[in-house]
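Some notes on the structure that comes next.
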Amino acid sequence: MQRTIFAVGDSHSLRCFENHPHIADSKALFGHNKLDGRTAFNLARHDKRVRKIVSAIGDRHIIFVFGEVDVRIHIKYQYRQTGTPIDELLRNTANRYADYVRGLRQDGYDIHIFNVVPTGDFSTPAARRWQERLTYPFTADRPERTRYTEELNRQLERCCALRDIPFINIYQYLVDDRGRRKKELIYDFAHLNSKTADLVMAHYSFLASVTARDQTLATY
């Protein structure tokens with residue numbers, strides 16, 4: 001079966017949609033993830049690489065998966081470097097990301113923005129070993145990362161509504177009553193597994209988003 005939905009993004013785009021019957025990560029086209037580690041804030045800097053990927057996908061649905069790297073590294077680092085308030089950094093990130101996606105959609109690419117995934121548990125032995133190999137600062141603790149994630153998702157929802165970008169917001173189905181990742185969705189200390197894709201298919205309508213887009217275009 002030819003799949004009509006592709007995920008494009010950082011490492012979460014692979015793990016959340018890996019080997020799914022209806023959604024394929026862009027790795028299926030290129031053999032590896034060309035956008036691993038990229039931030040939503042700086043995505044426009046990688047425009048050439050992004051366009052190579054989305055051009056290969058063509059007119060099929062595209063899910064953009066970015067933002068967790070911003071939450072884990074970029075936001076707290078920029079706050080310490082510049083003194084810019086956290087909430088302003090989160091707003092700026094959402095605006096820059098949405099502005100870039102709006103440009104791609106105006107060029108004809110059917111892009112849907114996926115909510116930022118809930119933060120992982122970086123206190124495990126595997127996570128500590130991973131952190132020892134890092135060359136960048138890792139300073140935001142779990143409560144901070146959770147707050148950043150939830151606020152960035154609120155800002156993204158607002159930005160997407162203002163720009164007529166479909167926003168896949170299934171965050172409530174990814175977390176438990178404590179706001180932490182549901183155990184059955186955990187792949188490792190950072191990533192969710194591909195059961196996430198099942199939740200997207202269950203709680204989001206790509207057809208409805210296309211209908212809304214067509215109605216918007218008809219008003220011009």
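The values are calculated or read from the model by the stated rules, or taken from the named source; none is laboratory data. No experiment lies behind these values; they were computed from the predicted model shown. Positions of Cβ are generated from backbone atoms using ideal geometry, with glycine treated the same way; all protein chains shown enter the neighbour counts.
Values as computed for the structure displayed
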quantity	calculated
Evaluation of N19 against (1) in contact (Cβ under 8 Å) with a residue 40 or more places away in the chain; (2) assigned to a helix (DSSP H, G or I); (3) out of contact with any Gly (no Cβ under 8 Å at 6 or more places or on another chain) (one fails), failing number	(2)
Residue check for A7: in a loop (DSSP other than H, G, I, E, B) and crowded, with 20+ Cβ neighbours inside 10 Å	no
Scan of the range 163-185 for residues that are over 24 Å from T4 (Cα atoms) and either free of Cβ contacts under 8 Å to residues at least 60 places away in the same chain or in contact with a helix residue (DSSP H, G or I) (Cβ under 7 Å, 6 or more places away or on another chain) (or both), ordered by number	Q172, V175, D176, D177, R178, G179, R181, K182, K183, E184
Failed criterion for Q106 (all others in (1) modelled with pLDDT of 95 or more; (2) in contact with a helix residue (DSSP H, G or I) (Cβ under 9 Å, 6 or more places away or on another chain) hold)	(2)
Of the criteria (1) touching a residue at least 12 places away in the same chain (Cβ under 8 Å); (2) assigned to a loop (DSSP other than H, G, I, E, B); (3) not charged (D, E, K, R), which one A24 fails	(2)
Breaking point among (1) crowded, with 16+ Cβ neighbours inside 10 Å; (2) of a type outside the set (V, I, T); (3) farther than 20 Å from D36 by Cβ; (4) out of contact with any Asp or Glu (no Cβ under 6 Å at 6 or more places or on another chain), for F167	(4)
Some residue of the range 37-47 being outside any helix (DSSP H, G or I), on the phi < 0 side of the Ramachandran plot and aliphatic (A, V, I, L, M)	yes
One residue from A202, A208, A212 being outside any strand (DSSP E or B), among the hydrophobic types (A, V, I, L, M, F, W, C), within 21 Å of I111 (Cα to Cα) and modelled with pLDDT of 95 or more	A202
Selected residue (criterion: farthest from the chain's Cα centre (by Cα)) from residues of the range 16-51 that are surrounded by fewer than 14 Cβ atoms within 10 Å (Cβ to Cβ) and under 24 Å from D99 (Cβ atoms)	K48
Residue match in the range 55-73 (condition: more than 16 Å from the chain's Cα centre (by Cα) and under 20 Å from H191 (Cβ atoms))	no
Qualifying residues in the range 1-59 (those that are under 21 Å from V71 (Cβ atoms) and of a type in the set (S, T, Y)) - the one modelled with the highest pLDDT	T39
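Listed here are the residues, each with its yes/no results for (1) without any contact (Cβ under 8 Å) to a residue 24 or more places away in the chain; (2) in a loop (DSSP other than H, G, I, E, B); (3) hydroxyl-bearing (S, T, Y); (4) surrounded by fewer than 20 Cβ atoms within 10 Å (Cβ to Cβ).
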residue: I63; (1), (2), (3), (4): no, no, no, no
residue: I73; (1), (2), (3), (4): no, no, no, yes
residue: L89; (1), (2), (3), (4): yes, no, no, no
residue: A94; (1), (2), (3), (4): no, no, no, no
residue: Y100; (1), (2), (3), (4): no, no, yes, no
residue: V117; (1), (2), (3), (4): no, yes, no, no
residue: A127; (1), (2), (3), (4): no, no, no, yes
residue: T139; (1), (2), (3), (4): no, yes, yes, yes
residue: E144; (1), (2), (3), (4): no, no, no, yes
